[in-house]
Structures are given as structure tokens and as C-alpha cells.
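The values are calculated or read from the model by the stated rules, or taken from the named source; none is laboratory data. Here the structure is a predicted model, which means the values were calculated and not measured. Reconstructed Cβ throughout: ideal geometry from the backbone, glycine too, with neighbour counts over all protein chains shown.
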Amino acid sequence: MKNISKSAIVGLTAAILGLSLSFSSFADDDSDRKAKRAEIRAQFDADGDGELNDTERQAARDAFKAKRKERIDTDGNGEISDAERTAAKETRRAKMIEKFDTDGDGQLNDAEKQVAKEKHRKKMAKRFDADGDGELSETERNAAKEAREKHRERRQENRQNDSNS
């Protein structure tokens, strides 16, 4: 029975970390996020109109994919192996533990996991609260769900591209 509960805890931790980390590219602070978006816009706005069109957006995605691949591909062979993918996940996990492990035991207990979830929920609420009322309307929740699904699709596509490279 202990193995099942440990497995369940490991699975739950992985799920929470995955959810929390799936949006890790978004800045904690709204002003940081706006500054980062302005930096990306300046770097990839080829036509200088102040907005990223589909082609410019794709160029930005491609550049970030290449940067990610370079960071994770520790042996430099141009492919991301299962071992490199696992190492990257462990690095993200270690960062989450470092950030939320308030009792210093090297693990996230239920309370620490709840804090991580709440911080993520607040960040997502802030990101998708279009009318600024502090609550997510049905339309705003649907926008968040759609963005999450697009993100999952891109992650899956990245995994397929990494394994085909």
C-alpha cells in the first residue's frame, strides 16, 4: 500500500509541476511580462508596424524552439534524447522545489503544493482577466482553456519534432 501512495504522490507532484511549469515562460509580474513582450516584438517585428504578424510570430517561435533545443541538447548532437529530456524535467522539478519547499525537506508537501497551485492560478487569472474585475468570466475561462490547449498542442509538436530530429 505504501508503494501505491508513494506512486500517487509522485504522480500528483509531477502533474502539479507539469501544470505549473507549462506556463513557466510567463513572467510573474505583469510589468515584466509586458517588458518581455515588447522585447520580443522589437526583435521579431520585421516590418516595423509594432505588431507581430503570423510570419513574424512563427519566426519568434522557431527561434525559441532552437534556443530551447540548444539548452536541453547537452551533448550537442542536434537531437534531444530521452536522457536529456529527463534531465531537463529534473532541472525544472528542482527549481520548483527550490521555489516552494518552505520546510527545506527537499519535497513538496500538500501545503507547499497548494501554494504552488494558488500562485499559478492567480497568475493565470491575472493573465486572462480581460475586464480587470478580478474574476474570470465564462468567456475569459474559455480563452484560458483554449490557450492551455494550444500550449499543449505546441508542446506535443515540439516533442515530436525533437524525436524526429
How many residues of region 116-133 are closer than 27 Å to Lys99 by Cβ, in contact with a helix residue (DSSP H, G or I) (Cβ under 8 Å, 6 or more places away or on another chain) and at pLDDT below 90? The answer is 6
Being farther than 30 Å from Lys65 by Cβ, free of Cβ contacts under 8 Å to residues at least 60 places away in the same chain and either in contact with a Pro (Cβ under 8 Å, 6 or more places away or on another chain) or not basic (Lys, Arg) (or both) narrows Asp105, Asp129 down to just Asp105
Can you give me the number of residues within region 37-62 that are part of a loop (DSSP other than H, G, I, E, B), among the charged types (D, E, K, R) and surrounded by 11 or more Cβ atoms within 10 Å (Cβ to Cβ)?
-> 1
Would it be correct to say that Ala60 is in contact with a helix residue (DSSP H, G or I) (Cβ under 9 Å, 6 or more places away or on another chain), of a type in the set (A, V, I, L, M, F, W, C) and closer than 30 Å to Asn161 by Cβ?
-> yes
All positions within region 108-126 that are within 20 Å of Arg33 (Cα to Cα), without any contact (Cβ under 8 Å) to a residue 40 or more places away in the chain and of a type in the set (A, V, I, L, M, F, W, C) | Ala125
For region 140-160, state whether one or more residues are assigned to a loop (DSSP other than H, G, I, E, B) and polar (S, T, N, Q).
-> no
Selection within region 98-115 - touching a helix residue (DSSP H, G or I) at 6+ places or on another chain (Cβ under 7 Å) and in a helix (DSSP H, G or I) = Phe100, Glu112, Lys113, Val115
Would you call Lys95 surrounded by 14 or more Cβ atoms within 10 Å (Cβ to Cβ), in a helix (DSSP H, G or I), of a type outside the set (A, V, I, L, M, F, W, C) and out of contact with any Lys or Arg (no Cβ under 6 Å at 6 or more places or on another chain)?
-> no
